[in-house]
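One structure below.
The values are calculated or read from the model by the stated rules, or taken from the named source; none is laboratory data. This one's a predicted model, so the numbers in the text were calculated from it and none came from an experiment. For neighbour counting, all protein chains shown are included, and Cβ atoms are generated from backbone atoms with ideal geometry for every residue, glycine included. Side chains included, ligands, DNA and RNA excluded: accessible areas come from the protein's heavy atoms. Shrake-Rupley method; radii C 1.70, N 1.55, O 1.52, S 1.80 Å.
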Amino acid sequence: MSVGRSIYLDHSATTPTDPRVVDVMMPYFTEHYGNPSSVHRYGRLAEQAIEDARDTLAQILNCKSSEIVFTSGGSESDNLAIRGAAWTARQSDGSRHLVISPIEHEAVRVTVEQLATVMGFEREIISVDRYGSVLVDDYTQSMRDDTSVVSIVYANNEVGTIQSIAELSTIAHERNALFHTDAVQAAGQLTLDVQKLGVDMLSISAHKFYGPKGVGALFVRDGIELTPSQSGGGHENNRRAGTHNTPSIVGMATALQIAYDEFEYHTAHYRTMRDRLIDGVLSNVPGAHLTGHPEQRLPSHASFVLDGIDGNLLLTHLDLKGVAASSGSACKTGNPEPSEVLLAMGYSEETALGSLRLTVGRQTTAEDIDYVVDVLAETVKKLAKMKIV
Ligand SMILES: Cc1ncc(COP(=O)(O)O)c(C=O)c1O
């Protein structure tokens, strides 16, 4: 490992926990450690902290506090929303048709696949265009009278494309389907106002917005009954059993509050850094092309394909130069399979193997960006030469 520079450009994989968040969490490990379900004062204190956190989330999402369910993160929120709503619908009226896009995170994609292959649901995967935007006509035509749940990612993790969620949720509602969005990448960078978005369920995960890992939340609109994935005690209004993770829930609420209190400041910084990065890469790195939508993309997100370059090999070389990047989703690092997201967007298998994701954060500086562009240009030229020889 290089002892020189160390530059982290993988904020879509995870973010560092804000020290202000850590400070707020600490007393809930050491002093206020009561079980929030206990009746005594230790329990009541922890319960109060959880309910305050719930109020904070509800205010930012513009919903009722009772509509927030705490979970262990984005994957669990996605699972609970889709499996929970699909099961309830099937139980009540037999409907079993589910609609998703081909660029959903595995937490959505694999859940729906399991519902289809093991549990007799019908899965429909609609199409996206070259930028990863949902094709609205195809989407509208996929809806049926027995469509129970639709799930479309708010902003994609691999290419950063943002979907028109308000338009897509309206179309689902015209056919009486429930609409879930995975807002894991969007949280902290786009509005989470569930009334404006018109969604019935929305998933977030704290570690993507400078909160702790292993905690998340699901917004579930009043009146929607979810069959719990995790059964046991009656926690979270019988929607998710398990003793609450008080420090992490308090940390998540603080992190979300900070992200939206300082929203303009941080997102303006991300945009400036992202645009410098995209311009630098496209003008200096041979064979680099931007993937995802050129405008409708997350403020922090830059993603590319590089002609003739193996994305995973490139990551290793960048790491040796102190640059932490990613090739598609973090869960896929080390996996030589081409990105399914890029294949769905119409890229060839060969091109999809050469993907690179660089995501900026609060600490990223212009000097970092210039260094990364130089290193990337040099490394890509070296790898291209090695291929020719
Ligand atoms: C779009 C999206 N959904 C869901 C997840 C899963 O979230 P978690 O890591 O909290 O389980 C991720 C994580 O990368 C993601 O990017």
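Given a Förster radius of 25 Å and the C-beta distance between residue 167 and residue 130 as r, what FRET efficiency does 1/(1 + (r/R0)^6) yield to the nearest 0.05?
Working: r = 19 Å, r/R0 = 0.77.
It comes to 0.80.
Ranking 339, 37 by solvent-accessible area of protein heavy atoms (1.4 Å probe, all protein chains present), from largest to smallest, gives 37, 339.
Taking Cα centre as origin and charging only the Cβ of basic (Lys, Arg, +1) and acidic (Asp, Glu, -1) residues, the dipole magnitude of the range 192-328 rounds to 220 debye.
In the range 86-122, which trypsin sites (Lys or Arg not before Pro) fall in coil by DSSP and have 14 or fewer other Cβ atoms within 10 Å?
Details: sites: 90, 96, 109; in loops: 96.
Within the range 86-122, no trypsin sites (Lys or Arg not before Pro) qualify (loop, at most 14 other Cβ atoms within 10 Å).
Here the alpha carbons of the chain define both size measures, Rg and Dmax, at 21.4, 73 Å.
Membrane-span-like helices in the chain, defined here as complete DSSP H runs extending at least 20 Å along the helix axis by their C-alpha atoms with mean Kyte-Doolittle hydropathy no lower than 0.0, are 246-261, 366-388; this is a sequence and geometry rule, not a statement about a membrane. About its Cα centre, the range 19-261 has a charge dipole of approximately 520 debye under the convention of +1 per Lys or Arg Cβ and -1 per Asp or Glu Cβ, with nothing else charged. Please say if the range 1-129 is rounded, prolate or oblate, where rounded means a/c under 1.5 for a ≥ b ≥ c the square roots of the C-alpha gyration tensor eigenvalues, and otherwise the choice is prolate for a/b larger than b/c and oblate otherwise? Oblate, since a/c reaches 1.5 and b/c is not below a/b.
Roughly speaking, to the nearest percent, how much of the chain's 1.4 Å accessible area is carbon and sulfur?
Details: 8260 of 16360 Å².
Percent of accessible area from carbon and sulfur atoms in the chain: 50.
Gain on full extension, evaluated as 0.36 nm per residue between residue 64 and residue 382 minus their Cα-Cα distance, stands at 108.9 nm.
At each listed q (0.17 Å⁻¹), what is the log10 of I(q)/I(0) that the Debye formula gives for the range 278-389 modelled as equal alpha-carbon point scatterers? Debye intensities relative to I(0), on a log10 scale: -0.79.
Evaluated over the chain, the count of Lys pairs having alpha-carbon atoms less than 19 Å apart is 6 (only pairs 8 or more residues apart or interchain). With the Cα gyration tensor of the range 160-269 giving a ≥ b ≥ c as the square roots of its eigenvalues, does the rule (a/c under 1.5 for rounded; else a/b larger than b/c for prolate; else oblate) give rounded, prolate or oblate? Because a/c hits 1.5 or more and a/b fails to exceed b/c, the range 160-269 counts as oblate.
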